[in-house]
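Chemist: Handing you this structure, nothing more for now.
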Amino acid sequence: MSSDSDYDDDVMNEFDDTMDEDSIMDDSDDYENSLDDSGDELEYYEDGEDLNFDGVMAEKHRKKLYQVDYTVQSSKHLMGSQDKEVGQVASILGMPKEHAATLLRHYRWNKEKLIERYMDNPEKVLRLAGVVTDKVRRIIPAREISTPQHPFSCDICCDDEEELETVAVSCNHRFCRTCYEHYLRQKIREEGESRKIECPQDGCKIVVDEKTVEEVVDKNTHLRYRELLNRTFVDDNDHLRWCPAPNCEFAVECHIPSTSLTTIVPTVECECSHQFCFGCGLPDHQPAICPLVKKWQKKCEDDSETANWISAHTKECPKCHSTIEKNGGCNHMTCRKCKYEFCWVCMGPWSEHGTSWYNCNRYDEKSSHEARDSQTQSRASLERYLHYYNRFANHQQSAKLDQDLYRKTEKKMEEMQQTSDLSWIEVQFLKKAVDTLTQCRMTLKWTYAFAFYLSRTNETVIFEDNQKDLEMATEHLSELLEKPLEREKIAELRQNVLDKTVYVKQRREILLEDTAKGLLEGRWTFFVDLK
Amino acid sequence: MSNMKRVQKEILAIEQDKEAHIEVILPEDGSMNHMTAKISGPVNTPYEGGLFTVDVSVPPEYPFLPPKMKFVSRVYHPNISSQTGAICLDILKDKWTPVLTLKSALISLQSLLSTPEPDDPQDAQVAAHYKRDKEDFEQTAKYWTEVYANPNAEVLPDGVKPEALARLVDMGFGRSNAINALAEFKGDEQAAVESLL
């Protein structure tokens with residue numbers, strides 16, 4: 001094998017990969033452009049949906065089955081989308097923007113539903129959302145509404161000076177401006193409320209609209225309010241999700257409905273390079289689907305350590321299957337629960353031990369065989385779980401150790417630059433290799449959770465083969481990276497690592513592709529209910 | 001304190017309204033952020049005839065934050081802790097709005113006494129009792145009202161607990177003798193009984 005041509009292949013592959021990423025980013029650019037030109041917007045959505053269902057389009061974009069379309073959005077961009085939606089609804093329903101916004105928030109940004117309901121019964125919709133469209137001046141000086149018989153007095157602070165400014169929203173419950181501001185500030189700053197700040201009057205469900213909030217509160221509180229509103233735009237929208245990485249302010253838009261989470265794992269990558277599942281927000285868990293991940297995590301929380309201990313330290317009564325820990329004494333056991341007497345060593349009935357007390361030499365006897373068999377069976381399910389759990393946990397642990405590997409690798413790369421004539425760009429292959437390794441470990445980890453729930457069919461053999469291949473390749477790569485550097489062998493190592501990295505990457509893609517395909521085709525059968 | 005004016009006005013309103021059967025006692029130092037309220041038990045409930053003492057503290061953010069209230073008298077009620085007097089009432093928590101007043105909160109307490117919510121309990125044991133055997137629950141509640149919220153109760157000497165006194169009276173000892181004995185032994189029931197025998 002000529003190493004030169006091999007290297008070219010790698011380079012080509014890497015190039016292809018970057019192409020892939022670019023094509024995803026292209027979508028986001030498209031979307032951004034479409035914002036400026038509202039006519040394009042529909043086209044974009046059509047495109048997006050085509051990609052999900054149309055194989056030809058997918059081919060063109062070189063999209064893998066396990067990948068989904070998504071766009072990453074900045075908070076500025078979100079504000080834009082929000083304003084656009086509000087503007088659209090305001091013009092359709094012919095109402096001020098702040099009311100349209102309140103309505104949209106009430107209907108969780110489901111424009112179609114809002115318009116449909118509004119057309120049916122506008123009064124009811126407005127009432128439910130807490131909007132009254134009557135023209136009411138929001139801020140009025142107290143002297144304008146005070147009469148000698150009924151001087152204005154704020155119900156909150158009981159102040160009744162004529163210089164007061166009064167505030168009310170469309171329900172016309174008036175309070176003095178200071179109290180109104182204090183109330184809003186309390187709601188926004190302390191309670192983090194934004195979408196549904198109701199009028200301070202007890203029992204009044206009218207929502208204080210954005211414009212009033214803007215006019216009444218100070219600038220910082222208003223900024224905070226906008227931020228909170230922005231957040232509800234994402235929180236309430238089924239197609240948007242915040243990146244869960246700490247301090248990351250991006251949101252991801254993805255049009256995978258929650259109903260297809262049993263057939264697809266929508267892994268997305270944020271601008272901050274955090275990879276997570278759009279469906280559940282957890283870090284990337286391909287190829288396991290969200291319902292399985294949830295079940296698996298619950299099981300592990302409940303079981304793992306306890307199960308380990310039970311399996312290591314106890315046996316079951318051959319008759320009633322109570323779990324027994326032997327913490328001393330002889331081998332003549334009497335079950336506390338069912339009073340069955342048996343031998344701890346061979347698990348056979350004690351009655352057959354005759355005169356050879358405390359000296360079990362009856363291992364091959366039929367009855368003890370049977371006892372052990374039933375024991376084995378009931379332990380099998382536990383063993384099976386532990387088999388998968390141990391491998392799952394092992395990869396998780398290894399992935400953690402990769403943090404160390406990162407540091408070591410950095411040092412290695414420095415060393416390489418000093419001891420050989422390789423340039424900075426040429427030693428980047430090590431970092432790339434560690435990245436791939438970590439990614440493969442995460443994938444492998446989840447293959448075990450996936451496999452645990454898989455009912456055994458001929459298809460599972462294929463899955464396990466793919467898993468085995470990936471695991472072997474990953475371990476090889478890991479071994480290569482751990483090796484100490486030898487000056488004269490650097491070129492060889494570099495070649496090896498490059499080869500392996502590409503190979504491992506391909507194995508991962510094969511596994512993910514096949515699993516994703518199987519999910520779409522309904523090829524896998526799980527022994528648990530996915531609902 | 002910026003809410004002084006409002007609190008003053010509220011207390012005045014409570015004093016003027018004789019129908020509500022609510023009384024507010026301000027501390028002698030003249031401060032307005034801590035006071036004691038007395039509410040009478042609603043009629044046709046096991047709490048009828050009782051006068052319950054409620055500890056009220058007004059936070060500086062009042063009326064934008066609710067006042068803090070808890071029962072000082074022990075009350076046998078699903079939504080009131082039988083140990084600490086803590087109250088589970090929505091308007092003292094998230095349903096509070098600044099137009100509500102001390103008076104409206106205290107009236108709500110009264111209505112809480114007449115309409116317990118055993119499905120949203122503060123005191124799980126009491127709530128379980130209520131759901132299991134309402135009649136028996138009411139008897140206990142009535143007993144507690146008589147013992148802990150009796151407006152006619154004489155002022156007992158230090159160390160004499162009303163429940164201990166009630167038990168001694170139940171045993172057949174004279175009331176004043178029992179009080180003296182309990183006071184003498186600083187509340188030690190056993191010793192008091194022995195001295196009385």
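Chemist: With springs only between Cα atoms under 10 Å, which of B:55, B:90, B:123 fluctuates most in a Gaussian network model of chain B?
Modeler: B:90
Chemist: Under 8 Å for C-alpha pairs, at least 6 residues apart: give me the relative contact order for the stretch A:216-258, rounded to a whole percent.
Modeler: Contact order relative to length: 26 percent.
Chemist: From other protein chains only, count the Cβ atoms within 10 Å of every residue's Cβ in B:98-106, then give the mean.
Modeler: Other-chain Cβ atoms within 10 Å of each residue's Cβ, averaged: 4.
Chemist: Taking other Cβ within 10 Å of each residue's Cβ, how do B:77, A:255 sort, fewest first?
Modeler: A:255, B:77
Chemist: Something else: Of the options B:97, B:176, B:72, report the single residue whose Cα projects farthest towards the positive end of the charge dipole of chain B (beta-carbon charges: Lys, Arg +1; Asp, Glu -1).
Modeler: Of the listed residues, the answer is B:97.
Chemist: Which angle between 0 and 90 degrees, to the nearest 10, do you get for helix B:162-171 versus the longest principal axis of chain B when only C-alpha atoms count?
Modeler: Approximately 30 degrees, to the nearest ten.
Chemist: A follow-up question, please. Please order A:278, A:526, A:342 by the number of other Cβ within 10 Å, starting at the fewest.
Modeler: Details: A:278 23, A:526 16, A:342 26.
So the residues, fewest neighbours to most, are A:526, A:278, A:342.
Chemist: On a 0 to 90 degree scale, rounded to 10, what angle separates helix B:134-148 from the longest Cα axis of chain B?
Modeler: Here the helix axis deviates by roughly 90 degrees.
Chemist: Taking the Cα atoms only, what angle lies between the long axis of helix B:4-16 and the longest principal axis of chain B, rounded to 10 degrees?
Modeler: 60 degrees
Chemist: Normalising by the residue count of chain B, find the relative contact order in percent from Cα pairs under 8 Å and 6+ residues apart.
Modeler: After rounding, I find 16 percent.
Chemist: Let me know the shape class of the stretch B:4-123, please: from the alpha-carbon gyration tensor, a ≥ b ≥ c as square roots of the eigenvalues, rounded when a/c is under 1.5, otherwise prolate if a/b is greater than b/c, or oblate. Can you show the working numbers first?
Modeler: Details: a/c = 1.71, a/b = 1.37, b/c = 1.25.
The shape class here is prolate.
Chemist: Let me ask another. Under 10 Å from the Cβ of residue A:216, count the other residues' Cβ atoms, weight Lys and Arg +1, Asp and Glu -1, and hand me the total.
Modeler: -1
Chemist: Could you list A:446, A:350, A:424 in order of exposure, starting from the residue whose Cβ has the fewest other Cβ atoms within 10 Å?
Modeler: Fewest-to-most Cβ neighbours within 10 Å comes out as A:424, A:350, A:446.
Chemist: Right, another one. Okay, which of the stretch B:177-193 sit inside 17 Å, backbone N to the point 7 Å along the Cα-Cβ direction of residue B:143?
Modeler: none
Chemist: Next up: So between residue A:111 and residue A:271, what do we pick up on full extension, going 0.36 nm a residue minus the alpha carbon distance?
Modeler: Between residue A:111 and residue A:271, full extension yields 54.8 nm more.
Any read-out appearing in this document is the output of simple, stated calculations on the displayed coordinates, not a laboratory observation. Computed from a prediction, not measured in an experiment: that's the story for all the values here. We place every Cβ from the backbone using ideal geometry, glycine too, and count neighbours over all the protein chains shown.
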